[in-house]
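Everything on this sheet refers to the single structure shown next.
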Amino acid sequence: MADTNWPAGHALAVTHFQRNLEKEALKRTSVLQFMGKGSDSLIQIKEGPNKDAGDTVKWGLRMQLKARGVVGDDTQEGNEEDLVVYNDSIVVDQLRHAVRSKGRASEQRVPFSTRTEALDGLADWWADRYDTSFFIQAGGAPHVYATDTAYSGLQASTDPITATDTDHYHLPEGQTTEAGVASKSASAVFKLTLLDRVVTKAKTISPVIRPIALRGTKYYVCFLHPLQVEDLRTGTATGQWRDIQLGAIKGGDITENPIFTGALGVYNNVILHENTRVPTANTTPSAGGVRRAIFCGAQAVGMAFGMGYGEGRFSWVEEVFDYENKLGVSAGAIFGMKKGRYNSKDFSTIIIPTYTTYAS
């Protein structure tokens, strides 16, 4: 009598697990909820290598025309204005990770499926890697992983994370450097007044930082480290945490939008999110010190995928080794992630370094 068998590595199993990996990885990530193809997306998907051969996607940014123009019958010829277009690009490369069992005897000793746990483990790993790439890129920090392409969005190792320019940098009042912030301790912690000033800067800088448009309302997004959130919550000054509570997200269809999922609240049309990956100002993470909150508008970060890949689309390969005694599973993607930057300046992010208190 013949038995129907579905061995590890069967084609149907590959399809099933690849779909599950997409769902689980996207569900567990913190930042890909902000991803979209439109120009109003915080992380904009750039078309290019995912449709055609190539490892780089390039695009331009046209600046606004500024000349006076001519009035009445004044001569137009000779008074035209040149178009000013800056460009940026993203390199895509392959990133993979895999899990391999020791063998069937080893697998029999535990009450769970190695294959299923491999799926969960790789989903967590991919969620962490996407989030890490985003915060290293957007934070522009000299993080320990900043020059390792496996952690920093797969950009070329010869093009490390670019430091934030002074126009897109906002320090607490009276400070001129991050070292100064560190020395001021409690007087340079995160406060809502910093957001007020950064919103004004976003609206008046050239080019302006466009907010994300959502159902007729425009929002910015700011990512805070938990230590910055703690300082904000425990601040005793008038008009601080209480104000954000008054602006907390309440009811309505707007709460169903993913950019509000897990948000702390809204203040001055800035949606605040907490994330442990918000970088330090140092090359290595530390308990206290200076953390860089990241204020973002539309097109803050660009992302591109290679052919056959896309939003949540991974390769999933299962192989058996040693006469089918050992199972190995691998998940990979071809992608690239990069902070928007034109004419040697950041485009849609402002870094807010603040001192973070710490109690053991």
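The values are calculated or read from the model by the stated rules, or taken from the named source; none is laboratory data. All figures in this text were calculated on a predicted structure; none of them were measured in a lab. So basically every Cβ, Gly included, is an ideal-geometry build from the backbone, and we count neighbours across all protein chains shown. The protein model used for the area step is the full one, side chains on, heavy atoms only, and it has no ligands, DNA or RNA in it. Shrake-Rupley method; radii C 1.70, N 1.55, O 1.52, S 1.80 Å.
Under 6 Å by Cβ, and 6 or more places apart or on different chains, what pairs join a residue from the range 333-352 that is within 17 Å of K201 (Cβ to Cβ) with one that is open to solvent by less than 10 Å² (accessible area, probe 1.4 Å) and of a type in the set (S, T, N, Q)?
Matching pairs, first to second residue: G340/S348.
Can you tell me which of G336, G332, G308 is in a loop (DSSP other than H, G, I, E, B) and within 16 Å of Q94 (Cα to Cα)?
Among G336, G332, G308, only G308 is in a loop (DSSP other than H, G, I, E, B) and within 16 Å of Q94 (Cα to Cα).
Hey, V278 hits all of (1) outside any strand (DSSP E or B); (2) of a type outside the set (S, T, N, Q); (3) modelled with pLDDT of 85 or more; (4) within 21 Å of K37 (Cα to Cα) but one; which does it fall short on?
Only one criterion in (1) outside any strand (DSSP E or B); (2) of a type outside the set (S, T, N, Q); (3) modelled with pLDDT of 85 or more; (4) within 21 Å of K37 (Cα to Cα) is unmet by V278, namely (4).
Within the range 99-106, is even one residue modelled with pLDDT of 80 or more, surrounded by fewer than 16 Cβ atoms within 10 Å (Cβ to Cβ) and either out of contact with any strand residue (DSSP E or B) (no Cβ under 7 Å at 6 or more places or on another chain) or on the phi < 0 side of the Ramachandran plot (or both)? Walk me through it before giving the result.
Kept after step one, since they are modelled with pLDDT of 80 or more, are these residues of the range 99-106: 99-101.
If we keep only those that are surrounded by fewer than 16 Cβ atoms within 10 Å (Cβ to Cβ) too, we end up with 100.
Keeping just the survivors that are either out of contact with any strand residue (DSSP E or B) (no Cβ under 7 Å at 6 or more places or on another chain) or on the phi < 0 side of the Ramachandran plot (or both) gives 100.
Yes - at least one qualifying residue is present in the range 99-106.
Restricting attention to the range 304-321, does a residue exist that is of a type in the set (D, E), modelled with pLDDT of 85 or more and open to solvent by 10 Å² or more (accessible area, probe 1.4 Å)?
Applying the first criterion (of a type in the set (D, E)) to the range 304-321 yields 311, 318-319.
From what's left, modelled with pLDDT of 85 or more: 318-319.
After this cut, where a residue has to be open to solvent by 10 Å² or more (accessible area, probe 1.4 Å) as well, the list is 318-319.
The answer is yes; a qualifying residue exists.
For the range 331-353, give me each residue that is farther than 28 Å from H170 by Cα and out of contact with any Lys or Arg (no Cβ under 6 Å at 6 or more places or on another chain). Steps first, answer last, please.
Within the range 331-353, the first condition is being farther than 28 Å from H170 by Cα, and the residues that meet it are 331-335.
Passing the criteria: A331, A333, I334, F335.
If I filter the range 249-261 for residues that are touching a Ser or Thr at 6+ places or on another chain (Cβ under 7 Å), outside any strand (DSSP E or B) and modelled with pLDDT of 90 or more, do I get at least one hit? I'd like the intermediate steps shown before the answer.
To start, the set of residues in the range 249-261 that are touching a Ser or Thr at 6+ places or on another chain (Cβ under 7 Å) comprises 249.
Within this subset, residues satisfying the condition of being outside any strand (DSSP E or B) are 249.
Still in the running and modelled with pLDDT of 90 or more: none.
So far as the range 249-261 goes, no, none of its residues is touching a Ser or Thr at 6+ places or on another chain (Cβ under 7 Å), outside any strand (DSSP E or B) and modelled with pLDDT of 90 or more.
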